[in-house]
Each structure stands twice: as structure tokens, then as C-alpha cells.
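Trainee: Quick one: the structure is below, questions incoming.
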Amino acid sequence: MKKAALALVLLGALAGLTFAESNHNFGLGIMLGEPTGLSAKLWSSQTMAWDAGAAWSFVNGGYFQIHSDLLFHNFKLFEVETGRMSLFYGPGARVKFGARDEFGDGGTVVSIRGVVGLAYEFQETPLELFIEVVPMLDIVPSTAANMAGAIGFRYYF
């Protein structure tokens, strides 16, 4: 089950590569929060993108995680003078490694995620700023609710 969930997360991140359009770029950046790490995003249409992260948490003894989300963007909610701003949301998955349980033992946890956030893309600079809130439901090895959140940026190549 754990290997299947990890494969699902990685395949989801790679699926965006297949559908990328030439008018969107690949973005790479940093997210700060819970957890903190690297963030990547690849657009698959004008309003849909895949994101992925590799991050570390320092809570409860610390752990490393990877995640991937399918993000839908609504650019019609906000009017800005330059650039563009969107509300984004979507489903995803997470695998965290070395997570401590109530007995202090490390293990692997698989979770489903729901992401909600705001993103601002600068007009003249290939830079995106974002803030997101991520409710999660751990499903392996046991069920538990969690929250995460981050602010960050991505530079588009």
C-alpha cells in the first residue's frame, strides 16, 4: 500500500510534464512554513497545474515529506493593475518519512490533501508568490487529521 501511494504521488507530479503547453513554464522555488522546503509547479492548461514539494518539518522530532497536488486556478475573482492573481484549490497526496508516532517511533505516513491558496504572478518578472492552507487526512498507517500551511515563491524558467 505504501509503495502504491508513493507511486501515485510521483506519477501525479510527472503527469503534468506530458500535458505542458508551450506558453507556460516550469517554476521552482521555496516554501516556508510547516513544512519548509522546495516547491515546483508545472502548468498543464491555462487554469490547471501540477505542483510538487520536497520538504522538511521540525515538529515532533522532524520528518521529510514529498507531496503533489492538482491545482485549479480562478483568475476572475481578483482584479489587479499589473500581473495576475488567482485563488487556487485542488486535491493531492503526501508521503512523509520518519514521522514520529505517540511512542516516539519513526515510520511512513500516507495522506490525502486538499489545498486552498492565493497566488500572484508578476507581469514583468517570471516570479510567482503564493500562500496556501492544506488540510490533510492521514490514511496509512492510521487515520488522523492534520493541517499544514506555507508561503513561498517560484521562479519560472
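Please treat every number below as a calculation from the coordinates, not as lab data. Note that the structure is a prediction, hence the values are computed from the model and not measured. A quick note on method: Cβ atoms are made from the backbone with ideal geometry, for glycine too, and the neighbour counts reach across all protein chains shown.
Trainee: Mind jotting down a quarter of the surface of the convex hull over the alpha carbons of the range 28-134, in square nanometres, one decimal?
Mentor: In nm², the orientation-averaged hull projection of the range 28-134 is 6.9.
Trainee: Under unit Cβ charges (Lys, Arg +1; Asp, Glu -1), what dipole magnitude, rounded to 20 debye, does the range 55-157 have relative to its Cα centre?
Mentor: Roughly 160 debye, rounded to the nearest 20.
Trainee: Now a separate question. If you wrap a convex hull around the Cα atoms of the range 45-84, how much volume per residue is inside, in Å³?
Mentor: 122 Å³
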